[in-house]
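Notes to accompany the following structure.
The values are calculated or read from the model by the stated rules, or taken from the named source; none is laboratory data. Computed from a predicted structure; not experimentally measured. For the accessible areas, the whole protein counts, side chains as well, though only heavy atoms, and no ligand, DNA or RNA atoms are used. Shrake-Rupley method; radii C 1.70, N 1.55, O 1.52, S 1.80 Å.
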Amino acid sequence: MTRPAFQHLDIPTLGDWLGGGQPLTLVDIRDPVSFAQGHIPGSRHLDNDTVSALLAQAPREQPLVVVCYHGHSSQQAAAWLAGQGFAEVYSLDGGFTDWAYRHPERVES
């Protein structure tokens, strides 16, 4: 059995998408304290307690981008979410750490 496919997304592309108003769902799977201390604007925290709301509300046809600390654990979450019927699922390479380093002005708390 093959795993559902997700794609890798680089920081510059996500920056362009957000800057251009591309409709997308942005989820952050880091722990709640880290998320509260800083996250990409427009992202929502995703964990075991909030995943059912995401599955009920998020449009399946628009891109779904998963963010973690460094771009590793988001790959497993992206693969799982791709299996839930989302058409385009991405794991952000470099994660929030790289985003915050490159775009400190685009971090919300």
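Oblate is the label for region 26-69. Its Cα gyration tensor axes, ordered a ≥ b ≥ c, give a/c of at least 1.5 and b/c at or above a/b. Per residue, the accessible area of the chain comes to 54 Å², computed with a 1.4 Å probe over protein heavy atoms only. Among beta bridges from DSSP that stay inside the chain, the antiparallel ones total about 10%.
Round to a whole number: what % of the accessible area of the chain belongs to carbon and sulfur, probe 1.4 Å? It is 52 percent, rounded to a whole number.
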